[in-house]
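Worksheet: one structure, shown below.
What follows draws every value from the coordinates through simple rules; no lab data is involved. None of the values given here were measured: they were computed from a predicted structure. FYI the Cβ positions are ideal-geometry reconstructions off the backbone, even for glycines, and counts take in every protein chain you see.
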Amino acid sequence: MSASLRPEPKPGVMDIAAYVPGKSAAPAGVKLHKLSSNENPLGASPAAKEAVKALTEKMEFYPDGAATKLREAIGEVHGLNPANIVCSNGSDEILGLLAQTYLTPGDEAIITEHGFLVYKIYTQAAGAVPVTVREKDATTDVDAILAAVTDRTRIVFLANPNNPTGTYIPFDEVRRLHAALPKNVLLVLDAAYAEFVRRNDYESGIELVSSTENVVMTRTFSKVYGLGGIRLGWAYCPAHIADAMNRMRGPFNVNAAAIEAGIAAIRDRSHVERSVAHNEQWLAWTTEELTKLGLNVTPSVGNFVLIHFPAGDAHSAAKADDYLTARGYVLRRVAAYGFPNALRMTIGTEDANRGVVAALKDFLK
Ligand SMILES: *Cc1c(COP(=O)(O)O)cnc(C)c1O
């Protein structure tokens, strides 16, 4: 082995394209409407704010490393055994832990064409190979996933609904996928937007986790709970997977503020209901108004919409992004997700939604 002149990252690290978060600034003097990261326009529950304020008097103490009270609160609300819940510093951390726990170099993880980019990053970070499969009409295609399974496949990552498309597959399809997967392949159901979905044929995956040994469902406090900055997520897992992840995670991976905010937020069901009702109303309105402008909008069940701009340079997504940003409406470029000519817009306050529609109307003139 030849000695390097400086420490070198392990193989694969420098192939990772670092995650680029949504922009969060408007030009000086312009009011910012941040619609770039699917945050809750109503903010966090007042109870969560109080809980974090109260914590300021005891910040010297380490948190409960097992996050017991938080897992109990989650278990109570969702009807789950807290022993099967693992909490994390955002659900991103859980996704990384799963990759670190179940992938070794040379293994394969299947991700979908427009799937959440974090899956690819963590797969590569584990030294494994991301295998990307086609979607159909910007929607997960179960047959394409199954066709990509090899004897090296160890994980299938599936966001349902997916970000940035907002599309979902009915639970029958998830069941069909699971039934055809080898038993040693882990199916990760990322249900970050589950609370927003209003469809009778949708399920987040709780029952499938409960009745099988190779499915994990991940959830987040970053979206409907409005706690993106606090960083809190969780997974519902079979006991053997919770056991493995509890060995891999940091001893205090969930901080005290996240524990207190999470307990208060998950118990405030009226804030969740208000947030979901707001989204239902403005998702429909925004989709309709953008469509009336002649824009193609992918039908979404989440708290965001994917807006496709006309072919040609005049009214491209890049130009629309500049136009909107100059007016304080900060949306998300999604070229890295395979949509070079689209923007993702988080459903915002009434003001923000009306403002984007009015600005795009001018832009398209
Ligand atoms: C926002 C989002 C998450 C949540 O990430 P956190 O780390 O919990 O903030 C997970 N998956 C998808 C698909 C998302 O869009």
Subject >> Long-range amide H partners of Y329 with built H, under 5 Å >> reply: H33
Original post:
Quick one: Karplus J couplings for region 194-207, per residue in order, coefficients 6.51, -1.76, 1.60, θ = phi - 60°, nearest Hz, x for Gly and Pro?
Top reply: 3, 4, 7, 6, 10, 9, 5, 9, 9, 9, 6, x, 4, 5
Subject >> Pairs from K23/K319; K319/K365; K23/K120 whose Cα-Cα separation, in the structure shown, is over 18 Å >> reply: K23/K120
Subject >> Two-site FRET efficiency, E8 against F252, from Cβ-Cβ distance with R₀ of 30 Å, rounded to 0.05 >> reply: 0.50
Subject >> chymotrypsin sites (Phe, Trp or Tyr not before Pro) restricted to DSSP loop in region 248-286 with at most 16 other C-beta within 10 Å >> reply: F252
Original post:
Among L343, L35, L146, whose mean-square fluctuation peaks in a Gaussian network model of the chain (Cα, cutoff 10 Å)?
Top reply: L146
Original post:
With contacts defined as alpha carbon pairs under 8 Å and 6 or more residues apart, what's the relative contact order of the chain in percent?
Top reply: 25 percent
**OP:** Would you mind ranking I206, I230 so that the residue whose beta carbon has the fewest other beta carbons within 10 Å leads the list?
**Re:** I206, I230
**OP:** Determine ³J(HN,Hα), in whole Hz, for all residues of region 332-339 in sequence, where each value follows from phi through the Karplus function 6.51 cos²θ - 1.76 cosθ + 1.60 and θ = phi - 60°; x replaces Gly and Pro.
**Re:** 10, 6, 10, 4, 5, 9, x, 10
Subject >> Among A83, A125, F61 - extreme Cα towards positive end, dipole of region 61-172, charges at beta-carbon >> reply: F61
**OP:** State the antiparallel share, in %, of DSSP beta bridges confined to the chain, rounding to the nearest 5.
**Re:** 50 percent
Original post:
Once amide H atoms are built 1.01 Å from N in the peptide plane, which residues 5 or more positions from T112, or in another chain, come under 5 Å H to H?
Top reply: V133
Subject >> Dipole moment magnitude, nearest 20 debye, region 46-268 about Cα centre, only Lys, Arg, Asp, Glu C-beta charged >> reply: 260 debye
Original post:
How about region 55-149: which chymotrypsin sites (Phe, Trp or Tyr not before Pro) there lie in a loop by DSSP and see at most 12 other Cβ atoms within 10 Å?
Top reply: F61
**OP:** Treat each spin label as a single point 7 Å out from the Cα along the C-beta direction, and report the T291 to S211 distance in nm.
**Re:** 3.4 nm
Original post:
Where in region 1-105 are there trypsin sites (Lys or Arg not before Pro) that are in a DSSP coil and have at most 13 other Cβ atoms within 10 angstrom of their Cβ?
Top reply: K31
**OP:** Identify all aspartates and glutamates with a Cα-Cα distance to K361 below 12 Å; exclude those on the same chain that are fewer than 8 residues away in sequence.
**Re:** E289
Subject >> Derived scalar couplings ³J(HN,Hα) [region 264-281; Karplus, 6.51 cos²θ - 1.76 cosθ + 1.60; whole Hz; x for Gly, Pro] >> reply: 5, 5, 6, 7, 8, 5, 5, 5, 4, 4, 4, 5, 5, 5, 4, 5, 4, 5
